[in-house]
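Enquirer: After the structure tokens below, expect a handful of questions from me.
The values are calculated or read from the model by the stated rules, or taken from the named source; none is laboratory data. Everything numeric here is computed off the predicted structure, so don't read it as measured data. Neighbour counts are summed over all protein chains in view; Cβ atoms, including those assigned to glycine, are modelled from backbone coordinates with ideal geometry.
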Amino acid sequence: MKRRVALKVLAASVMAASLPAVGHAEGFPDKEITLIVNYGAGGGTDLSARVLAKGAEEFLGQPIRVVNKTGGSGTVGPTNIAAAEADGYTIGIASFSPMAVSPHLTPVAYSLDSFDFILGHARYRSGISVGKDSPYQTIEDFLDAARSGQEITYAATDTLTKIFMAKLQQELGADFKAVNYKSGQESVTATIAGVVDFNLEGPTNVVPQVKSDNLRLLASVSSVPWFEMPDVPTIKDAGVDLFVESYAGLAAPAGVPEDRLKVLEDAFAQALNDPEVQKTMSGLGMEPAYFSSAEYRTLLEEGYASMDSDLEIIGLK
Amino acid sequence: MKLSRRAFESCIALISAAMPCILLLFVFDDQIPTSGLEEIGPRVYPDTLAYAWLALSLLYLADQWTRNVGEPVEIGGSAVFRSLAIIGVVLVGFLVLNVAGYLLGAVFYILCFTWMMNERGWAALVLSVVTPVVVYVALEAAFQVRLPTILD
Amino acid sequence: MDAVLLAINHVFAPGNLIFLVAGVFGGVVLGAIPGLSATMAIALLIPFTLTLDPVASLLMMTGAYKGGIFGGSISAILMRAPGTSAAAATVEDGQALAKEGKGLKALKVSLIASVIGDTFSDIILIISAVQLARVALQFGPVEYTALTVFALTVVGSAAGTSLIKGLIAAVAGLSLAMVGLDPSTGIPRLAFGEIHLYGGVSLIAVLIGIMTVAELLRQIEQRREASRAHIPPPRHRDDSRITREDARLMARPIAAGSILGTIIGVVPGLGPTLGAFLGYDTAWRIARKPEKFGKGSVEAIAGAESGNNAVSGANLIPLLGLGIPGDIEAAILIGAFLIQGLTPGPLIFQESPDVVYGLYVGLLVANAVLLVAGLLAIRVFVRLAGVRTGLLFPVVFVLAIVGTYAFQQSLFDVGITFFFGVVGYLMVKADIPRTTFLIGFILGPLLEDNFRRSLELSSGQYDIFLSSTLGNAFWIAAILSAGWVFYQRRKMRRQASGGKQ
């Protein structure tokens, strides 16, 4: 999987490089571009978007202004993108959750058809991590305990991981008890303090704590191991055929002229390929992952469709 | 019109008691989605709060009713009129803000309020034009925040 | 030792010092303008962290944070319009002093208390970050629930005339905080289908509405005669400075506020607003002149202002000691750490001690800068506040709504501000304490999340709330605190009626 991503990034850059003087031919863009971020300034999504935008400015030859439109668990941003003029000068973050999950749960003023997708640029990963005094040393210990049916508590922060846990519970015959937290930081803190037995947060919050010896990562529950800790297996390696993943990508309002989209896609793909950009994103716990415009759309569409049955599992449908 | 302190405070207590009742009877059922799978229903906390609110309001009512202390309250005609006028200006201004953008809205507010505060000279006029423009330019320059104008 | 010298050099390198000074000054000015808050100042600084040296960007942010908390008090004192929610506790006494022509005195008390509170908590941070950080782990859901209830009884009893009214306001605030996402299902509730409410009601919008706009409406209503200066000029030299007597009064509340604020800062999620209110309340309980509270008490301002600023340094204790942010500002700082390739948490002491020591030195220098910046700023703002009310308040009104808009660039928030402006105006008429409502609104999510978590952990058994020693201590403290207030009120009432007969 990882290699595939690398190849794709490579392919994109080769493709982009073969286009002479990207975009400037037809005069797009000839003014500042606004990039709407659907989460607050200073978080992982926001910072990685800013890094990426900074990189893309170089290839677009125009400044990118990052605007945070927060709220509605990330749905306010896409609402604003969908409502903007489809001239390519307003784009924004269209992450997996507000695209594929939220529309099932809340009335929103957009659907997947309201957007033209530019590219997918990052993967959000999760993993099972426990406190340093936890009896579970390895993922096998954990799975054995879960199969024995004893009650194990975990800090739940979002719908996707809850669905994952519900599936895992069915598969193992386990008794997982969700305790709800609002942010990854809080749920990591609760794990360290021993309030809950484990959490499912991503590298942004977990890696620093593993390094400081407050947490132990048992397994990645994404399709790939965490590149920060390549020795820790995925849960699939441990014999459970499940994973949970989420993605961040960029979208423009539907109806942006094809050639302009191309200019944007190429510029951001090139930026994503920049080692500096990749390094900063990785440091933030975001895995740079390139998906072309079409691939990203498929990813979201499939995700959207599967949510119908998935949400039923946790009683939300 | 003069109201005894007891009557005035009782009115407040009753209005305060009415609010949790409205929430419990008409709002919560509609507006708090339940999934049915949780061990702890999503209504537990809201209901607890609403009942606490109700209980406190009734406690206050009883407290005020048993001892009538404090000055009577004067509810005058011109003061009410002035209050309503102010609220009216706020609402109309909000409409202007929404329809005609920030600059005109700000001009409207400053003109109305300076007028109501007996500040009716050229100073008010100048301020009503200069302030919005300065604020607009400053925000744009310093924070890259663009206020909506009539052009948007 | 070398590391410290190196750090001092680093901080005083001209480039870094400029960022520090700019951060503090910017924070003071932004904090003083209703609607533009310290959080916003920090968020606006984030893009700089992509390019700046780590120490420089951290210094700029913490400088802006400290400056912002103090700046909020300037407009609270001069115009009853707190620039930040942390300054709400200062409004009554600060304004009362200003009305007596003692605005500069009030501002200076506030500044001195802020700087001392800051310095105290910074020193605690420097001495014992790693050890104290473990305290944060003592607070599980049950402890948080009890602590929040305790805080609400304390704050509810401190403000206003009636304890019950205060508690009603607090519960109303808690109820408003329920609007938004349901913490367990993640589905919006009480939002009436309005997408702008899915994430809850914006704190800035409520703060500006209920404090600033309500106050402006009241001012506009009262002004029937020709407009004149809102704040009279000082009548005596002593009106503009801290006298020996003032200094004597300030000492105890500043000590209490600094300690309390530091403790609150160590516990993640509580924040400077609570620090201010608990500092105020404690100052009242140990005051030499408790009868002056609410009517222009130097002790009150000293307690509240040292209380809120002391939170800022202590907030970094869980951040450096455990990698856990104490509040939103500290969470933003974590982003700044990560983007610079640093590991938030104790590892940073080994990975890059230069950054830690640079931060330590910088914090102390920032306090000195705050003292200077504050002294300059209060002179300017006192002059501005001397403008005739008829001109001043309409302009402040416009600034307030612009600030609200700018925070999330949402006209919906402006509507919320107006709505709560009218609500606050009515609350003033009904003598319902607005500050308690505000603190209820701020603490609402903390209470609800932890209340529900406790029950989730116990499968719905309520006895879990009595299962923790620390939690029980808070329950007892809550009962004692409320009982003490009842007793005091009764005593005062008896004295008052005895005096009449």
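Enquirer: As an exercise: evaluate C:Ile220 against (1) part of a helix (DSSP H, G or I); (2) under 26 Å from C:Arg489 (Cβ atoms); (3) not acidic (Asp, Glu) and give the number of the one condition it does not meet.
Expert: Condition not satisfied by C:Ile220: (2).
Enquirer: Could you list, in sequence order, the residues of segment A:196-236 that are part of a loop (DSSP other than H, G, I, E, B), without any contact (Cβ under 8 Å) to a residue 24 or more places away in the chain and not hydroxyl-bearing (Ser, Thr, Tyr)?
Expert: Of everything in segment A:196-236, those that are part of a loop (DSSP other than H, G, I, E, B), without any contact (Cβ under 8 Å) to a residue 24 or more places away in the chain and not hydroxyl-bearing (Ser, Thr, Tyr) turn out to be A:Pro225, A:Met229, A:Pro230, A:Asp231, A:Lys236.
Enquirer: When you go through B:Val126, B:Val137, B:Val99, B:Val73 one by one, which is the residue that is more than 8 Å from chain C (Cβ to nearest Cβ) and either under 22 Å from C:Val213 (Cα atoms) or within 21 Å of the chain's Cα centre (by Cα) (or both)?
Expert: Result: B:Val99 is the single residue among B:Val126, B:Val137, B:Val99, B:Val73 that is more than 8 Å from chain C (Cβ to nearest Cβ) and either under 22 Å from C:Val213 (Cα atoms) or within 21 Å of the chain's Cα centre (by Cα) (or both).
Enquirer: Have a look at C:Glu299, C:Glu245 and point out the one that is surrounded by fewer than 24 Cβ atoms within 10 Å (Cβ to Cβ) and at pLDDT 90 or above.
Expert: Sole residue among the options that is surrounded by fewer than 24 Cβ atoms within 10 Å (Cβ to Cβ) and at pLDDT 90 or above: C:Glu245.
Enquirer: Hey, can you tell me all the residues within segment C:170-203 that are among the hydrophobic types (A, V, I, L, M, F, W, C), outside any loop (DSSP other than H, G, I, E, B) and within 12 Å of chain A (Cβ to nearest Cβ)?
Expert: Correct list: C:Leu181, C:Ile195, C:Leu197.
Enquirer: Does C:Phe441 meet the test of being away from chain B (no Cβ under 11 Å), touching a Leu at 6+ places or on another chain (Cβ under 6 Å) and not hydroxyl-bearing (Ser, Thr, Tyr)?
Expert: In short, yes.
Enquirer: So C:Asp431 passes all but one of these: (1) facing another protein chain (nearest Cβ under 9 Å); (2) touching a residue at least 60 places away in the same chain (Cβ under 8 Å); (3) over 22 Å from the mean Cα position of the chain (by Cα); (4) assigned to a helix (DSSP H, G or I). Which condition number does it fail?
Expert: Among (1) facing another protein chain (nearest Cβ under 9 Å); (2) touching a residue at least 60 places away in the same chain (Cβ under 8 Å); (3) over 22 Å from the mean Cα position of the chain (by Cα); (4) assigned to a helix (DSSP H, G or I), C:Asp431 violates only (4).
Enquirer: From the list A:Leu168, A:Leu215, pick out the single residue that is out of contact with any strand residue (DSSP E or B) (no Cβ under 6 Å at 6 or more places or on another chain) and over 23 Å from C:Glu448 (Cβ atoms).
Expert: A:Leu168
Enquirer: Which condition breaks for A:Ala178 when tested against (1) among the aliphatic types (A, V, I, L, M); (2) within 12 Å of chain C (Cβ to nearest Cβ); (3) over 15 Å from C:Glu456 (Cβ atoms)?
Expert: (3)
Enquirer: Residues to consider are A:Ile192, A:Ile163; find the one that is touching a strand residue (DSSP E or B) at 6+ places or on another chain (Cβ under 9 Å), buried (at least 19 other Cβ atoms within 10 Å of the Cβ) and in contact (Cβ under 8 Å) with a residue 40 or more places away in the chain.
Expert: Unique residue meeting the criteria: A:Ile192.
Enquirer: On the basis of being more than 14 Å from chain A (Cβ to nearest Cβ) and within 30 Å of A:Ala166 (Cβ to Cβ), does B:Leu14 make the cut?
Expert: Judged against the criteria, B:Leu14 is not a match.
Enquirer: Among the residues of segment C:12-67, which ones are without any contact (Cβ under 8 Å) to a residue 12 or more places away in the chain, within 12 Å of chain A (Cβ to nearest Cβ) and not in a helix (DSSP H, G or I)?
Expert: Result: C:Thr51, single match.
Residue by residue, here is whether (1) part of a helix (DSSP H, G or I); (2) over 17 Å from C:Ser481 (Cα atoms) holds:
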{"site": "C:Thr273", "(1), (2)": "yes, yes"}
{"site": "C:Leu278", "(1), (2)": "yes, no"}
{"site": "C:Gly296", "(1), (2)": "no, yes"}
{"site": "C:Glu299", "(1), (2)": "yes, yes"}
{"site": "C:Ala302", "(1), (2)": "yes, yes"}
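Enquirer: Tell me, which residue of segment B:140-149 that is in a helix (DSSP H, G or I) and at the interface with another protein chain (Cβ under 10 Å from one of its Cβ atoms) is surrounded by the most Cβ atoms within 10 Å (Cβ to Cβ)?
Expert: B:Phe143
Enquirer: Residue under question is C:Ala310, and the condition is that it be buried (at least 22 other Cβ atoms within 10 Å of the Cβ) and within 14 Å of another protein chain (Cβ to nearest Cβ); does it hold?
Expert: No: the conditions fail for C:Ala310.
Enquirer: When you go through C:Phe465, C:Phe393, C:Phe381 one by one, which is the residue that is part of a helix (DSSP H, G or I), at the interface with chain B (Cβ under 9 Å from one of its Cβ atoms) and touching a residue at least 40 places away in the same chain (Cβ under 8 Å)?
Expert: C:Phe393
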